[in-house]
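What follows is a short report on a single structure.
The values are calculated or read from the model by the stated rules, or taken from the named source; none is laboratory data. Remember, it's a predicted structure, so these values are computed and weren't measured experimentally. For neighbour counting, all protein chains shown are included, and Cβ atoms are generated from backbone atoms with ideal geometry for every residue, glycine included. These area figures cover heavy atoms from the full protein model, side chains too; ligands, DNA and RNA do not enter into them. Shrake-Rupley method; radii C 1.70, N 1.55, O 1.52, S 1.80 Å.
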Amino acid sequence: MIRSMTAFASGERATPWGTLGCELRSVNHRFLEIGVRLHDELRSLEPVLRERIASRISRGKVDVTVRLRAPEGGNGLQLDPTRLRELSELAIDMAARFPGLHTEFTQLLQFPGVLQAPVADAAALQEQALSLLDEVLDEFVASREREGGKLAAVINERVDGIARIAGEVRTLMPAIRAGQRVKLEVRLSELSQPLEPGRLEQELVLWLQKLDVEEELDRLDSHVTEARRVLKLREAVGRRLDFLLQEFNREANTLGSKSVDARSSAAAVDLKVLIDQVREQIQNIE
């Protein structure tokens, strides 16, 4: 499945210590470059995060962000009912002994152990973060594949166009060769010193060999077959396709340089247009 290098995915998960949020986004890049932004309590996860992402993605500039948002309703402080009940019973007992004793509720809250902030279980929090990353990474890869499918459809359409033009040129070549043969015979016949029949045939053969593009057309057909095969592979193929496009371009250039007919010249230009369009799409492929 062809994958695009441009994608975005995100997700959230509620935990006892707050809401975890994870975002993955990527753009085109020659190699794999991973940028990581983590909540302070998750910084030790960075090597593991990088490893998990690299196991699923081979190219692109990828930015991953993992946040931890405090629970709704403030800082998440909680009352310890057991400690508060003990203090209440103690206050009732002390009130009988010291009638003038007066205790403010806010003073009770300041007593050690009455108010407690939830302490994060580091191992459990990291496990939740990694689980969330895996979910987001699945969606992220799926998004790259969906976009890659669209790119593959566009590339296949252009490759079909290249194959069609190559076939048209192959069909035209017999008529083009015949026309060039007639032109050359006319020019040679106008020479003041006529050539010997054997020499005339030799000159015709040499001239037509210079115009022959059968090898270029055969290689174009071979490149078309290879491109269609590569587009079906379930691996990163961006670099392979980029190299293949160089071969396409080489054959199109040679076809244009050998052309002596307006039709084949136009076909060479059309080929280069299609090849450039494929190259633009390949820049987005992993």
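If you take the residues of segment 166-217 that are open to solvent by less than 50 Å² (accessible area, probe 1.4 Å) and over 46 Å from the mean Cα position of the chain (by Cα), which of them is modelled with the highest pLDDT?
Gly179
Contact list please: Cβ distance under 9 Å, first residue in segment 154-165 and touching a residue at least 24 places away in the same chain (Cβ under 8 Å), second residue open to solvent by less than 10 Å² (accessible area, probe 1.4 Å) and outside any helix (DSSP H, G or I), pairs at least six apart or on different chains.
Note: pairs meeting the criteria are Ile155/Ile2; Ile155/Ile285.
Open to solvent by 50 Å² or more (accessible area, probe 1.4 Å), over 18 Å from Ala123 (Cα atoms) and more than 26 Å from the chain's Cα centre (by Cα): which single residue out of Thr82, Thr6 fits that description? Quick ask: steps written out before the conclusion?
Working: Thr6 fails: more than 26 Å from the chain's Cα centre (by Cα).
Matching residue, one of Thr82, Thr6: Thr82.
Go through segment 11-41 and report how many residues are open to solvent by 60 Å² or more (accessible area, probe 1.4 Å) and closer than 16 Å to Asp138 by Cβ.
Within segment 11-41, residues that are open to solvent by 60 Å² or more (accessible area, probe 1.4 Å) and closer than 16 Å to Asp138 by Cβ number 2.
Given the residues Arg219, Arg234, which is the only one that is closer than 25 Å to Glu286 by Cβ and among the basic types (Lys, Arg)? Even if it seems obvious, please write down each step before you answer.
Working: Arg219 fails: closer than 25 Å to Glu286 by Cβ.
Within the list Arg219, Arg234, the selection yields Arg234.
Enumerate the pairs (first residue in segment 42-53 and of a type outside the set (A, V, I, L, M, F, W, C) and surrounded by 13 or more Cβ atoms within 10 Å (Cβ to Cβ); second residue anywhere and in a helix (DSSP H, G or I) and modelled with pLDDT of 90 or more) with beta-carbon separation below 7 Å, excluding pairs fewer than 6 apart on the same chain, so at least 6 apart or on different chains.
Matching pairs, first to second residue: Arg52/Leu133; Arg52/Leu137.
Listed residues Phe105, Phe98; which is at pLDDT 70 or above and surrounded by fewer than 14 Cβ atoms within 10 Å (Cβ to Cβ)? Can you show your working first?
Working: Phe105 fails: at pLDDT 70 or above.
Selected residue: Phe98, the only one of Phe105, Phe98 that is at pLDDT 70 or above and surrounded by fewer than 14 Cβ atoms within 10 Å (Cβ to Cβ).
Quick check: anything in segment 116-136 open to solvent by 70 Å² or more (accessible area, probe 1.4 Å), farther than 17 Å from Val27 by Cα and modelled with pLDDT of 95 or more?
Yes, because at least one residue in segment 116-136 is open to solvent by 70 Å² or more (accessible area, probe 1.4 Å), farther than 17 Å from Val27 by Cα and modelled with pLDDT of 95 or more.
Being touching a residue at least 24 places away in the same chain (Cβ under 8 Å) and surrounded by fewer than 19 Cβ atoms within 10 Å (Cβ to Cβ) is the filter here; which residues of segment 269-280 pass it? Before you say what the answer is, go through the steps one by one.
Filtering segment 269-280 down to residues touching a residue at least 24 places away in the same chain (Cβ under 8 Å) leaves 270-271, 274-275, 277-279.
Scanning segment 269-280 gives Asp270, Gln277, Arg279.
Working carefully through the options Ala236, Ala266, Ala252, find the one that is modelled with pLDDT of 90 or more and either under 21 Å from Ala7 (Cβ atoms) or open to solvent by less than 10 Å² (accessible area, probe 1.4 Å) (or both).
Ala252
What single numbered condition from (1) over 25 Å from Asp242 (Cβ atoms); (2) touching an Asp or Glu at 6+ places or on another chain (Cβ under 9 Å); (3) charged (D, E, K, R) fails to hold for Arg50?
Exception for Arg50: condition (2).
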